[in-house]
Ligand code: NDP
Ligand code: MG
């Protein structure tokens, strides 16, 4: 039985992980649960999984926590999150959204034997820092993001592949003409055709920023040059990635669009456990693929250019994206203003190297302030 700490237990990934654990009680003991604001969901999880540690990061929400069993140690606020990240455990699942995951992840690398990493922003903004520290502490990091997880499943030590392909459903707005994007509302953008996910990643899927981030994840996790990572449109989300060998044979990793599968893989690796009660494919299913032209998706294009520039570029773009999405979700700006903000920031930042982890936060903060300034003036 392995002990497990879940960061972001009240989110989409966190809840799916708890469902995997619910079905595999012999394999895992939930040691700690960490949430931000959703106290009701957290209470229900505490009741069901009886953790020894609970963390509530939002200070106001933490004050609402009452009548916890004396056996549970409660951590509060940002400092509490860092203390929670310092608890020794067999496995951590890092499913906090956004760059807020980066500091606790860096701390947690010193304390977890294995980390199932769902959060992609930490790799996108600080991939070298995260993976070098994991190497230093001999902490295994397994990607949860389905495309990267699929690559992990496809790779073998003998792999002699020349190229990898990530699939993209195209998100909620794939069939929209660029001129109609101006009018789309939050609800439309959040209606992803195949996946049920948190808000930020669902919007990133519609702009294809998310696919750009996955190219970056693939680059860091597998040490792949950007030229060897391609994207294909696959609307059904049944195939998550391909690897192509030198002789042009393709191997694909296929499962229905349900995050419980890559989560269970990452938690139980190298074993495999039950992830779903239903059989994999029932009845007919279709697989269609078409080429994707990055130039037709301006934000994907920006992310890929930023990735190739390196240095602070992706920390800046991620910071801008985080703020622009927050503004869009609170109806302060139009969907297309996310594009305008990203374009503006991409042409107004100074390229710099990242010498230390603090530089990532410096550029994240710079981009957030600059984006707010730009969006307020629209
Ligand atoms: P959600 O928005 O559904 O959940 C986010 C979780 O993080 C919630 O538990 C939330 O707490 C918590 N949280 C938010 N902000 C903070 C903070 N500042 N400090 C501590 N905790 C915080 O996101 P998802 O589950 O969809 O995604 C999580 C991560 O996984 C993201 O990085 C995403 O890109 C990645 N990912 C997600 C996939 C998916 O299918 N959902 C697929 C691939 C990757 P609370 O709810 O209590 O406020
Ligand atoms: Mg993905």
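Yes/no per residue for (1) in contact (Cβ under 8 Å) with a residue 60 or more places away in the chain; (2) under 23 Å from residue 121 (Cα atoms):
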residue	(1), (2)
132	no, yes
135	no, yes
138	no, yes
149	yes, yes
158	no, no
166	yes, yes
171	no, yes
180	no, no
184	yes, no
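When the criteria are applied in full, residue 96 fails the requirement of being buried (at least 24 other Cβ atoms within 10 Å of the Cβ) and either within 16 Å of ligand 2 (Cβ to nearest atom) or in a strand (DSSP E or B) (or both).
The residues of region 252-288 that are in contact with a helix residue (DSSP H, G or I) (Cβ under 6 Å, 6 or more places away or on another chain), modelled with pLDDT of 95 or more and outside any helix (DSSP H, G or I), listed by number, are 253, 259.
Can you name every one of the strands (runs of 3 or more DSSP E) wholly within region 136-237 that holds 1 or more residues which are within 11 Å of ligand 2 (Cβ to nearest atom) and crowded, with 24+ Cβ neighbours inside 10 Å?
On the way: elements: 140-143, 161-168, 229-233.
So the answer is 140-143, 161-168.
Contact map, region 88-101: first residue over 18 Å from residue 360 (Cα atoms) and near ligand 1 (Cβ under 6 Å from one of its atoms), second residue at pLDDT 95 or above and part of a strand (DSSP E or B), Cβ cut-off under 7 Å, separation 6 or more or different chains; pairs are 95/6; 95/7. Could you tell me whether any residue of region 311-324 is touching a residue at least 60 places away in the same chain (Cβ under 8 Å), over 26 Å from residue 174 (Cα atoms) and buried (at least 24 other Cβ atoms within 10 Å of the Cβ)? Yes, the conditions are met somewhere in region 311-324. Taken over region 140-155, the criterion of being more than 18 Å from residue 225 (Cα to Cα) and more than 16 Å from ligand 1 (Cβ to nearest atom) is satisfied by 140 alone.
The values are calculated or read from the model by the stated rules, or taken from the named source; none is laboratory data. All values derive from a computational prediction rather than experimental measurement. Positions of Cβ are backbone-derived with ideal geometry, glycine not excepted, and every protein chain shown enters the neighbour counts.
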